[in-house]
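K.L.:
Sharing a structure, written as structure tokens. Questions coming.
Each reported figure results from applying straightforward, stated rules to the coordinates on display, with no laboratory input. Given the structure is predicted, the values throughout are model-derived calculations rather than measurements. Because the Cβ atoms are built from the backbone with ideal geometry, glycine has one as well, and the counts that use them run over all protein chains shown.
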Amino acid sequence: MGVVLFMENFRLDPWGHVLIEEYEKLFKFFGLSPTKNLLERIERIGGKSKLYSRGIVFAHRDLDKFLNTVEHGGKAALVTGFMPSGPFHFGHKMVADQIIYFQNMGVKAFIAMADAEAYAVRKIPRKKLLENAKNYVANLIALGVDPKRAVFYMQTNYEPAYYRLAQMASSKVTTSELKAIYGDIEPGKVIAIFTQVADILHPTLEEFGKYKIVVVPVGPDQDPHIRLTRDIAERLGTDIPGLSKPASTYHKLMRGLDGGEKMSSSRPESYISLNEPIEIATSKLMNAYTGGRPTADEQRRFGGVPDKCMIYELYLYHLLDDDVLREIYDKCRNGRILCGEDKRFAARLLRDFLDEHQRKFNEIINVVEDYIELPKY
Ligand code: SF4
């Protein structure tokens, strides 16, 4: 769900240890709260999670209120959306992991396939969007998202009350407010914005189960949109009693394999798709940007820089448990492992993961239309 990042005077570069201060600025700049202060409570309710213990999900708004509702047995839901504009990759998997974590707390997940947005913003042909949406849903289920505790829907093919909400939301914002947040935008994007507001708020409507509160896991670039939605929820309060402000969590954005900007479907060299041939996936990994030194001798003498390394980032976000992760980090820093050897180890982990995932995916893709209703065009 693309939204202009509205932060002046500093560039958000969300990667690596050395840039953590940039994330810290967000707390002040946007009034976010750090999740580390809630870690004990989150893990008491939801169990241990690398997402939180490793600081991948690093900030929140009102997550404490959301947890209160969960702890007291109130109805709580998660809302997220995927723009099905290209292959499902490891950046998407991180969101899947968050859905699964909250589902395990008993939370229902509402998962939008943001086809309206992908059509408006990325100009992807409709036929391709429908294919991609099926692929995304099958990937999510193969990763462990429980379809019994999820509602998968297309933004262009949902219930009347959802569209009514989008329409009402659009009358609560002025053109200058929109311009201040998003700049000059085309009508298609304006519609996509209010569709996203409806994505976030609709589970609190009676027609969708009257959930007391929703949480939205997003990257920090989405925060302007969350703030707009929270304002709209307040302004709609007199017309729709019971509409509550959403809570939100903020995760770091996985970098591209080239060590550049975030992993993105629009830059094939930046991602590993969960559906690409395993040989291609491992070859992308072998060519990924690392924190290694120019020569083996220098690496042995000075050690590598795992915090800058994309192989390490794959370990951190996806591939390794705490013990081995710590061991590799130390070995790298102390020059006791070279990048070639380590990449071969990572490639084996990746191969095992993709083998298993693609086997499950191939079973689910054949029946995926049992889980999502597609429009005709
Ligand atoms: S040894 Fe591994 S973790 Fe360290 S820089 Fe090389 S690839 Fe990255």
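K.L.:
Please return the longest stretch of the chain lacking exposed loop sites, where trypsin sites (Lys or Arg not before Pro) count only if DSSP places them in a loop and at most 14 other Cβ atoms lie within 10 Å. Walk me through the intermediate numbers first.
P.N.:
Values: sites that count: ARG11, LYS48, ARG54, LYS123, LYS210, ARG336, LYS376.
Counting at most 14 other Cβ atoms within 10 Å as exposed, the longest clean stretch of the chain is 211-335.
K.L.:
Counting only residues 5 or more places away or on other chains, whose amide H sits under 5 Å from the amide H of HIS89 once H atoms are built in the peptide plane?
P.N.:
LEU274
K.L.:
If the viscosity is 0.692 mPa s and the temperature 37 °C, what Stokes-Einstein diffusion coefficient in µm²/s follows for the stretch 268-365 when Rh is the Kirkwood radius over Cα pairs? Before the final figure, lay out each step's value.
P.N.:
Details: Rh = 14.1 Å.
Once the numbers are plugged in, D ends up at 233 µm²/s.
K.L.:
Would you mind computing Rg(Cα) / (2.2 N^0.38 Å) for the chain, counting N as its residues? Working shown, then result.
P.N.:
Working: Rg = 20.8 Å, N = 377, 2.2 N^0.38 = 21.0 Å.
In units of the 2.2 N^0.38 Å rule of thumb, it is 0.99.
K.L.:
Right, another one. Of all DSSP beta bridges located in the chain, what percent are antiparallel, nearest 5?
P.N.:
The antiparallel proportion sits near 30 percent.
K.L.:
Oh, and also: For TYR158, what charge total do you get from the other residues with a beta carbon under 13 Å from its beta carbon, if Lys and Arg give +1 and Asp and Glu give -1?
P.N.:
On the way: positive: ARG164; negative: ASP115, GLU159, ASP199, GLU207, GLU373.
Net of charged neighbours comes to -4.
K.L.:
Rg to Rh for the stretch 184-319: what is it, with Cα atoms only and Rh by Kirkwood?
P.N.:
Values: Rg = 21.2 Å, Rh = 18.4 Å.
Across the stretch 184-319, the Cα-based Rg/Rh ratio is 1.15.
K.L.:
Per residue of the chain, what 222 nm ellipticity follows from adding -39500 (n - 2.57) for every DSSP H run with n ≥ 4, rounded to the nearest 500?
P.N.:
On the way: 15 runs with 171 residues, N = 377.
Result for the chain: -14000 deg cm²/dmol, rounded to the nearest 500.
K.L.:
Using only the alpha-carbon atoms, how far is helix 339-365 inclined from the longest principal axis of the chain? Give it as 0 to 90 degrees, nearest 10.
P.N.:
Roughly 40 degrees, rounded to the nearest 10.
K.L.:
Suppose we take every Cα in the stretch 147-232 and form the convex hull; what volume per residue is that in Å³? Intermediate values should be presented prior to the final figure.
P.N.:
Details: hull volume 9.6 nm³, N = 86.
With only Cα atoms used, the stretch 147-232 gives 112 Å³ per residue.
K.L.:
Using the crude model of +1 on Lys and Arg Cβ and -1 on Asp and Glu Cβ, and no other charge, please compute the dipole size for the chain relative to its Cα centre, in debye to 20.
P.N.:
Working: 52 positive and 50 negative charges, 27 e Å.
Value, rounded to 20: 120 debye.
K.L.:
Any idea what angle helix 187-201 forms with the longest principal axis of the chain, computed on alpha-carbon atoms, 0 to 90 degrees, nearest 10?
P.N.:
Helix 187-201 sits roughly 90 degrees off the main axis of the chain.
K.L.:
Moving on to the next point. Note the angle between two axes, namely the Cα long axis of helix 160-170 and the longest principal axis of the Cα atoms of the chain, as a number of degrees from 0 to 90, rounded to the nearest 10.
P.N.:
90 degrees
K.L.:
Compute from the Cα atoms of the stretch 136-188 the Rg and the Dmax, the latter being the longest Cα-Cα distance, and quote both in angstrom.
P.N.:
Rg, Dmax (Cα atoms, Å): 16.4, 43.
K.L.:
Another one. Using only Cα atoms, locate the centre of the stretch 82-124 and the centre of the stretch 290-345, then give the distance between them in Å, rounded to an integer.
P.N.:
For the stretch 82-124 versus the stretch 290-345, the Cα centre distance is 30 Å.
K.L.:
Sticking with this one: Taking 0.36 nm per intervening residue step and subtracting the Cα-Cα distance, what contour gain separates SER33 from ARG348 on full extension? Could you put the intermediate results ahead of the total?
P.N.:
Details: separation 315, 0.36 × 315 = 113.40 nm, distance 3.79 nm.
Fully extending the segment from SER33 to ARG348 adds 109.6 nm.
K.L.:
Follow-up question, since we're still on this one. How far apart, in nm, are the 7 Å Cα→Cβ label points at SER266 and TYR289?
P.N.:
Going from the SER266 label point to the TYR289 one covers 1.8 nm.
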